[in-house]
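Everything below concerns the one structure shown next.
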Amino acid sequence: MKASYLFVFLLSSAVIWQQACVTGKKVQKQNITLKQAFGNDFLIGTALSLDQIQEKNPEETALIAEQFNAITPENIMKAEVMQPQWNTFNFEPADKMVEFARKYNMKVNGHTLIWHSQLPAFVRSMKDPDSVRQFFENHIKTIAARYDKKILSWDVVNEALNEDGTMRLSVFLEKLGENYVTEAFRLAQVAAPHTELYYNDYNIEQPAKRKGCINLLKKIQQAGVRLDGVGIQGHWLAGKVPFKDIEESILEFSALGIKVMITELDLEVLPRNVQGADVNQRQASNPALNPYTNGLPDSVQQQLAKDYEALFRLFLKHKDKISRVTFWGVHDGQSWLNDWPIRGRTNHPLLFDRSLKPKPAYYRVLKIKS
Ligand code: 9MR
């Protein structure tokens, strides 16, 4: 072997060895990536920010391309970005994302057509039902049609339910009535006949909300409107993951004859009083509630790893029902949980840390397949 080849070989072995040493512990060497490991089971996705779609950081781009085969835009397909002013659409970021997905051979889940949050200001101030209806129809038709055949799927309606399973009070419920969810799917079905259509929500593994969700989904189906899947967001707490509820929900949702997805997976490691992902719920800041600014203690790191492993074992057990598992962000530094429900915390909910290094949880998840 030539000296230069030998040097490259030794260097890459050292890198692999270094990656295999996590928090001082030797773990099994892993050469495969998430999308390779689970490629025959379900899609492995991540939410991307605009910076990531624009490939601002080459190291991050490489990590995304290597690990994931599905993407969801974290914010750029929401109504306030896509239609900032009445009938004025901003397609540029979403078009860029479609290009990104094509370049790296990834599926795109559009997120989201109808949601009570991140609405443009002109909708929030609308008083009369006709204007809301016009916005609702125009928004769905225009955007769903533009991306038909370019993306795999849409979260047509996001978070329409309260914790007790009743319909959440929103401008859509108030002005259009309960049937607005079915109507959104009906419009999307016409505008995007080649795109899969999903309902997406958090805490729908919880029994009361799950029951409400199943009723809502059945209504869509009974109206003869196409519904392809349901997304359980998966914003859970490390050490308190509701495994039994999750398994029951996978079974019950799938019994409706639709795909089940885990769409926004992350595991909270910091103290907080609220559960789920209601962006309107906030807690006051307090240094005691931000304990891991210098990194996760080993005990919490191990808990996180244990929970992720158990979750992926469960997902694999039901891989015939689950079509995608998407993390809500690529790495800890990007997570929305650094700012919710308390702003400015240092959170650690994902498989990659702030310096893009895989955490013990990553290796535990991959180890299932080795
Ligand atoms: O991750 C998103 C964050 O950057 C935004 O500030 C926030 C604003 O509403 O939305 C976050 O994403 C949410 C997703 O769109 C729907 N489910 C809950 C997610 C976390 O709040």
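Values quoted throughout were computed directly from the atomic coordinates according to the rules given, and no laboratory measurement underlies them. If you're wondering where the values come from, they're calculated on a predicted model, not measured in any experiment. Cβ: placed from backbone, ideal geometry, glycine included. Neighbour counts: every protein chain shown.
What to note about this one:
- Over the chain, relative contact order from alpha-carbon pairs under 8 Å, at least 6 apart, %: 16
- Computing FRET efficiency as 1/(1 + (r/R0)^6) for residue 91 and residue 357, where r is the C-beta to C-beta distance and R0 is 30 Å, gives about 0.25.
- When the C-alpha to C-alpha distance is required to be over 29 Å, the pairs from 150/359; 107/357; 127/219; 96/175 that qualify are 150/359; 96/175.
- Footprinting exposure proxy for 140, 258 (fewest neighbouring C-beta atoms within 10 Å first): 258, 140
- Working from label points 7 Å from Cα in the Cα-to-Cβ sense, the residue 31 to residue 223 distance is 5.3 nm.
- Ranked 345, 272, 282, criterion: other C-beta atoms within 10 Å, fewest first: 282, 272, 345
- Rounded to 5, percent antiparallel among DSSP beta bridges of the chain: 15
- As a rough footprinting exposure proxy, the listed residues 285, 335 were ranked by other beta carbons within 10 Å of their own, and the order from fewest upward is 285, 335.
- Sites residue 319 and residue 279 - FRET efficiency at Förster radius 35 Å, r taken between beta-carbons, to 0.05: 0.65
- Within a straight-line Cα-Cα reach of under 17 Å, residue 244 can be paired with the following lysines, leaving aside sequence neighbours fewer than 8 residues apart in one chain: 209, 211, 306, 317, 319, 321.
- Inter-label distance for residue 251 and residue 124, nm, one decimal - labels placed 7 Å from Cα along Cα-to-Cβ: 4.3
- Highest-MSF residue in the chain out of 158, 273, 69 [GNM, Cα springs under 10 Å]: 273
- For the stretch 193-235, chymotrypsin sites (Phe, Trp or Tyr not before Pro) meeting the loop criterion (DSSP other than H, G, I, E, B) and having at most 12 other Cβ atoms within 10 Å: none.
- Annotation note: trypsin sites (Lys or Arg not before Pro) in the stretch 108-180 located in DSSP loop regions with a Cβ neighbour count of at most 15 within 10 Å are 127, 149, 168.
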